1. List the equivalent ellipsoid semi-axes of the range 39-124 in whole Å, largest first, each obtained as the square root of 5λ for an eigenvalue λ of the Cα gyration tensor.
2. If you take every residue apart from Asp72 with its C-beta less than 10 Å away from the C-beta of Asp72, what net charge results, scoring Lys and Arg +1 and Asp and Glu -1?
3. Which chymotrypsin sites (Phe, Trp or Tyr not before Pro) in the range 43-83 sit in a loop by DSSP (not H, G, I, E or B) and have at most 15 other Cβ atoms within 10 Å of their own Cβ?
4. Please arrange Leu59, Leu70 by how many other C-beta atoms lie within 10 Å of their C-beta, fewest to most.
5. Can you give the local net charge around Ala36? Use residues other than it whose beta-carbon is closer than 12 angstrom to its beta-carbon, Lys and Arg +1, Asp and Glu -1.
6. Take every Cα pair under 8 Å in the range 32-123 that's 6+ residues apart, average their separations, divide by the length, and report that relative contact order as a whole percent.
Amino acid sequence: MKLTKKIITVLAIIAMMAGALALTGCGKKFDKKKMAGKYELVEMSSGSETYSKEDLETLKSYGFTISMELKDDGTGTMNSYGEEQALTYDKDGITVDGDKASYTFENNKITVESDGTKMVFEKQ
């Protein structure tokens with residue numbers, strides 16, 4: 001009886017480890033070449049303020065835009081209302097002026113979140 005219990009425990013541990021490895025393998029691969037390109041801000045929210053694509057198009061007509069360009073070497077530029085800043089990016093985040101923010105990349109959109117602000121950039 002004790003031997004059966006030990007075998008079941010060992011098999012359960014092996015199954016859990018196999019499951020953990022399988023889940024780890026399902027993560028999305030970080031591909032700088034796929035991310036490289038020009039992006040424009042299409043959505044933004046900060047606190048209780050929300051700006052839709054239409055709101056941002058109106059601001060754009062007055063010359064107020066936020067965009068970024070990512071190169072396939074992990075560098076790029078962020079342009080905020082005409083002021084350009086260098087940036088770097090890797091699988092863990094985008095760094096502009098020493099501040100690193102996490103992001104997600106899905107369907108040619110980059111969603112950056114930092115300090116209660118969320119910005120969605122769409123590849124052009």
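1. Equivalent ellipsoid semi-axes, largest first: 20, 15, 12 Å.
2. Around Asp72, the charge tally is +2.
3. Tyr62, Phe64, Tyr81
4. Result, fewest neighbours first: Leu59, Leu70.
5. Value of the local net charge: +2.
6. 29
Here, each number is a calculation from the coordinates, and none is a lab measurement. From a predicted model like this one, the values you see are computed outputs, not experimental measurements. Cβ atoms come from the backbone with ideal geometry, glycine included; neighbour counts cover every protein chain shown.
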